[in-house]
Amino acid sequence: RGKDEKHRVRMPKLRRVREYKDKRKSIDDVERSIFKFKKSSEEKSKKMEKEEKLFRETFMYEKEICVLATATAERSVPSRRRADLPVTAGEQLDVIDAVQGHAVICRNAQGRYGYVLVEHLNFR
């Protein structure tokens, strides 16, 4: 009888340890997913910096980059020149500068810069 009682007492303890391990694994999974998110955001910021550097070299843009307005593309337009920004319909664009009379410099969600004609944009 003494051995049976000891065995019965130990069973709940083992279950508690297993539950604790399961909880610990789930906490580790959450932490790992947070680190993965940070890693992708770091890669994205590096890519954005690279695009900004390329933009400054291509357009010889010395001023500080600030968003003047936000616009939505009305239709899809492929780029004809290297300086043009290819646009898809419904895409959100940040207007950086209005250099020429009928074109503005815009930035898309991927961080690419280029000229877009005003007639293709819808300002809110």
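Does any residue of region 75-83 turn out to be open to solvent by less than 60 Å² (accessible area, probe 1.4 Å), part of a loop (DSSP other than H, G, I, E, B) and hydrophobic (A, V, I, L, M, F, W, C)? Among the residues of region 75-83, at least one is open to solvent by less than 60 Å² (accessible area, probe 1.4 Å), part of a loop (DSSP other than H, G, I, E, B) and hydrophobic (A, V, I, L, M, F, W, C), which makes the answer yes. Per the listing Gly90, Gly114, the residue uniquely in a strand (DSSP E or B) and in contact with a strand residue (DSSP E or B) (Cβ under 7 Å, 6 or more places away or on another chain) is Gly114.
If only residues of region 86-116 that are open to solvent by 60 Å² or more (accessible area, probe 1.4 Å) and within 15 Å of Ala69 (Cα to Cα) are counted, the one that is modelled with the highest pLDDT is Gln92. Hey, does region 44-63 have a residue that's among the small types (Gly, Ala, Ser), farther than 14 Å from Ile96 by Cβ and modelled with pLDDT under 55? No: zero hits.
The values are calculated or read from the model by the stated rules, or taken from the named source; none is laboratory data. Because the structure is predicted, anything quoted here is derived from the model rather than measured. Neighbour counts are summed over all protein chains in view; Cβ atoms, including those assigned to glycine, are modelled from backbone coordinates with ideal geometry. Ligands, DNA and RNA are stripped out before the accessible areas are found, and what is left, the full protein with its side chains, is counted by its heavy atoms. Shrake-Rupley method; radii C 1.70, N 1.55, O 1.52, S 1.80 Å.
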